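Below: one structure, written as structure tokens.
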Amino acid sequence: MRWTVWKALGLAGLAGVAAGGAAVARAERRRRAYTPEEIRSRLHERVAEAERCATGAGG
């Protein structure tokens, strides 16, 4: 009886690892789909937003 519980837990653990790996792979593919121009424009937007927040909070 004990072995079946441990086997079930082991299988559930393996399924969790597989699902986690799939999620990481999906996120990596999505991240790599951006062109350099898209990344550059997003970074510029984030810097501008950070500067707006810094000037608004400081004064």
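Listing for the model above:
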item	result
Tally, over the range 1-53, of residues that are over 15 Å from the mean Cα position of the chain (by Cα) and of a type in the set (Lys, Arg)	6
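Yes/no per residue for (1) open to solvent by 80 Å² or more (accessible area, probe 1.4 Å); (2) at pLDDT 90 or above:
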position	(1), (2)
MET1	yes, no
VAL5	no, no
ALA15	no, yes
ALA18	no, yes
ALA23	no, yes
ARG32	yes, no
GLU37	yes, yes
LEU43	yes, yes
GLU49	yes, yes
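The values are calculated or read from the model by the stated rules, or taken from the named source; none is laboratory data. Since the model is a prediction, treat every value here as computed from it, not as a measurement. Keep in mind that these areas ignore ligands, DNA and RNA; they rest on the heavy atoms of the full protein, side chains included. Shrake-Rupley method; radii C 1.70, N 1.55, O 1.52, S 1.80 Å.
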